1. Which residues, counting only those in segment 234-293, are within 17 Å of the chain's Cα centre (by Cα), among the small types (G, A, S) and closer than 18 Å to V115 by Cα?
2. If you check M204 against the conditions, is it touching a strand residue (DSSP E or B) at 6+ places or on another chain (Cβ under 7 Å), closer than 18 Å to L294 by Cβ and surrounded by fewer than 24 Cβ atoms within 10 Å (Cβ to Cβ)?
3. Exactly one of these conditions fails for A100: (1) within 22 Å of G287 (Cα to Cα); (2) in contact with an Asp or Glu (Cβ under 9 Å, 6 or more places away or on another chain); (3) hydrophobic (A, V, I, L, M, F, W, C). Give me its number.
4. Part of a helix (DSSP H, G or I) and buried (at least 23 other Cβ atoms within 10 Å of the Cβ): does that describe V59?
5. State all residues of segment 277-328 that are among the β-branched types (V, I, T), assigned to a loop (DSSP other than H, G, I, E, B) and within 19 Å of G225 (Cβ to Cβ); if no residue qualifies, say none.
6. What number of residues within segment 312-360 are in contact with a Pro (Cβ under 9 Å, 6 or more places away or on another chain), over 30 Å from P180 (Cα atoms) and modelled with pLDDT under 95?
Amino acid sequence: MSTAIVYHPDYLKHRQVEQHPECPERLSTTISHFQKTGLIDLVENITPEPAAIQDVERVHSREHINYIRCLSERGRGRFSIIDADTYVCSHTYDVALLAAGGVLAAGEAVWKGEVQNAFALIRPPGHHASYNQATGFCYFDNVSIMVKHLQENHGLKRAVIFDWDAHAPNGTMGTFYDDPSVLNMSIHQDPRSFYPGHGFIEEMGEGAGKGLTINFPVEAGAGNGDFIYFIEEFVIPRVRKFKPQIIVISAGQDSHHEDHISQLHVTDAGYAKMTKMFMELADELCGGKLVLELEGGYNLNTLPVTHQAITEQLMGTDYHGKIQGELHDSTRHLLRDLEDALKSTKIWQDAPEIDESKSVPKKSFKNRGKNSFFS
């Protein structure tokens, strides 16, 4: 089966203030690059519809939805300010619904077997939006809306969400914090000095979902070696134990080594490798059902090529560039801390131990970190 790209030209209508990193060019440069390289002709192209309000209401309050709608309606060439990072123009509400609809379309196509996997190239992003709050460039939590839709309408019982964006997915994390049907995992930059000030190891879920929210907050400077180590040693064994019916990647490419938003060092080869690892895991566990949806990524020069590497990997073409990047001691120690913390949760008491034999080069919901991208 084929790979799908989900995209709508109306995604370019939503705008923030001038020089804001979450700009329409994030997508227009990627689509233009795909057209120039011919990649767009090698995939299934899905043009989505806006999400239905009933789908959005499974994740957000009616008051929140109406608030975004009202701010958009009064725009008329002006911006409304939600917070220091997040603005609303006259198109924001409609495009945010369309972004959620794009991830819904990707999930539906993969779940129904119409395509093998899908990459939803959507904006605005969503993983910071909570039940009653837009923040961090996000208005509606697109990935949560899609998973809830599949649960409600298609009998989805177990899903894995993995977020490799540089920022912890506080919105998605909150949606499934007590939900035993979703294993929600994230690797991100240490939130003690980085937005959104959430995503610490001890934020591991509650009630029936305790142990199923997993945060891995790596130090600034972490890159390919650290991300791949975490996936190989920790993520894969636990996903196997959880036995998902679908795997969803919140793919934020702001962990790229040339992205100015973070201090992480993932390369195109690293993103392709991670994509391949999750493809193989999906093949093993859930018939290949894999959905990627765009979150962050703000370097307009590198983003199109990174998206090409990810998409070609989804199509089965291995990336030929060398994967460079050491594994840092701090990452190994952090994983040991995570393992120790999870021993208190029932679900992981018999989880496999991490491999301590690897050679590691020597190198040195209370918000406790940054609450803005820019401050």
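The values are calculated or read from the model by the stated rules, or taken from the named source; none is laboratory data. Computed from a predicted model, the values in this text were never measured in an experiment. In this analysis, Cβ positions are derived from the backbone assuming ideal geometry, glycine residues included, and neighbour counts consider all displayed protein chains.
1. Scanning segment 234-293 gives a single hit, A282.
2. No, not satisfied.
3. Among (1) within 22 Å of G287 (Cα to Cα); (2) in contact with an Asp or Glu (Cβ under 9 Å, 6 or more places away or on another chain); (3) hydrophobic (A, V, I, L, M, F, W, C), the lone unmet condition for A100 is (1).
4. So V59 does not fit the description; no.
5. I323
6. 1
So that you can scan it fast, the table gives a plain yes or no per residue for (1) touching a strand residue (DSSP E or B) at 6+ places or on another chain (Cβ under 7 Å); (2) aliphatic (A, V, I, L, M):
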{"site": "I81", "(1), (2)": "yes, yes"}
{"site": "A84", "(1), (2)": "no, yes"}
{"site": "Y87", "(1), (2)": "yes, no"}
{"site": "V95", "(1), (2)": "no, yes"}
{"site": "G102", "(1), (2)": "yes, no"}
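Quick grid of which residues meet (1) of a type in the set (V, I, T); (2) touching a Pro at 6+ places or on another chain (Cβ under 7 Å):
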{"site": "L264", "(1), (2)": "no, no"}
{"site": "D268", "(1), (2)": "no, no"}
{"site": "M277", "(1), (2)": "no, no"}
{"site": "E284", "(1), (2)": "no, no"}
{"site": "G288", "(1), (2)": "no, no"}
{"site": "L292", "(1), (2)": "no, no"}
{"site": "G296", "(1), (2)": "no, yes"}
{"site": "L303", "(1), (2)": "no, no"}
{"site": "I310", "(1), (2)": "yes, no"}
